[in-house]
Amino acid sequence: MSREDHVRAILRTIGEDPDREGLLRTPERVARALEFLTKGYQEDPATILKSALFSEEYSEMIVLKDLDFFTLCEHHLLPFFGTAAVAYIPRGRVIGLSKIPRIVEMYARRLQVQERLTQQIAEFLQERLEPQGVGVVIEATHLCAVMRGVRKPGTIMTTSSVLGLFRTRDRTRAEFFAHLERRSPEA
Ligand SMILES: [Zn+2]
């Protein structure tokens, strides 16, 4: 069966007629959309990091926040989306600023649960960058919960992953969370 045939089968299962005019191109569109939304599986993290690590003696916290992401929950294949904040304290090496959103995106373009997405971003940076510590906080709205009435619209779930100094030193963790409470300057 082609991937379009699988989508047609789903349409029939829910009582639709895949041959009616409005749905004729839907199987192809759904197949292409799914391919796009899960292309993170094909991405090679090594390529993202290539020529993006720089020697630098800076050893204060670096924080990026309000990184938008969209992903699919692996339980319902429905979107969950929100923002990620990523922080680290370098140990002789920093990463190009534009690469962190790409790393978030690489893990978001897979089937996910929010806890794992948070952890994967933190662990990736800890392993590749070997900083003194990493902190990741993700806030997201899950359409599978909102649309099915499990949670009220607007309910946001928060997850965090802290490694290294962010885990062992209260002061570092507090500094990170203080950054998150501060509002971003208006663009
Ligand atoms: Zn779900």
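The values are calculated or read from the model by the stated rules, or taken from the named source; none is laboratory data. Computed from a prediction, not measured in an experiment: that's the story for all the values here. Every residue, glycine among them, receives a Cβ derived from its backbone with ideal geometry; neighbour counts consider all protein chains shown.
Scan region 34-70 residue by residue and report those that are surrounded by fewer than 14 Cβ atoms within 10 Å (Cβ to Cβ) and either assigned to a loop (DSSP other than H, G, I, E, B) or within 16 Å of the ligand (Cβ to nearest atom) (or both).
Scanning region 34-70 gives ASP44, LYS50, SER51, GLU56, GLU57, TYR58, SER59, GLU60, PHE70.
Can you tell me which residue among ARG151, ARG169, ARG116 is out of contact with any helix residue (DSSP H, G or I) (no Cβ under 8 Å at 6 or more places or on another chain), free of Cβ contacts under 8 Å to residues at least 60 places away in the same chain, closer than 19 Å to HIS75 by Cα and of a type outside the set (Gly, Ala, Ser)?
ARG116
Among the residues of region 71-90 satisfying the criterion of being under 11 Å from the mean Cα position of the chain (by Cα) and surrounded by fewer than 18 Cβ atoms within 10 Å (Cβ to Cβ), which is farthest from the ligand (Cβ to nearest atom)?
So the residue we want is THR83.
Mind listing whichever residues of region 13-54 are among the hydrophobic types (A, V, I, L, M, F, W, C) and at pLDDT 95 or above?
Scanning region 13-54 gives ILE14, LEU23, LEU24, VAL30, ALA31, ALA33, LEU34, PHE36, LEU37.
Say we look at region 91-149 and pick out the residues that are over 16 Å from the mean Cα position of the chain (by Cα) and in a helix (DSSP H, G or I); which of these is farthest from the ligand (Cβ to nearest atom)?
Residues of region 91-149 that are over 16 Å from the mean Cα position of the chain (by Cα), as a first pass: 91-97, 126-133, 144-149.
Filter once more, so that each one left must be in a helix (DSSP H, G or I): 126-129, 144-147.
On the way: GLN126: 27, GLU127: 28, ARG128: 29, LEU129: 31, CYS144: 3, ALA145: 7, VAL146: 10, MET147: 10 Å.
It comes out as LEU129.
Tell me which residues, restricted to region 150-185, are within 18 Å of LEU125 (Cα to Cα) and in a helix (DSSP H, G or I). So that I can check it myself, show each step before the final result.
The initial filter retains those residues of region 150-185 that are within 18 Å of LEU125 (Cα to Cα), namely 159-168, 172-173, 176.
Scanning region 150-185 gives LEU165, PHE166, ARG167, THR168, THR172, ARG173, PHE176.
Criterion first (without any contact (Cβ under 8 Å) to a residue 60 or more places away in the chain and surrounded by 10 or more Cβ atoms within 10 Å (Cβ to Cβ)) does LEU143 satisfy it?
When the stated conditions are applied, LEU143 does not pass them.
What number of residues in region 150-187 are exposed (fewer than 15 other Cβ atoms within 10 Å of the Cβ), under 21 Å from the mean Cα position of the chain (by Cα) and within 16 Å of the ligand (Cβ to nearest atom)?
Residues in region 150-187 being exposed (fewer than 15 other Cβ atoms within 10 Å of the Cβ), under 21 Å from the mean Cα position of the chain (by Cα) and within 16 Å of the ligand (Cβ to nearest atom): 3 in total.
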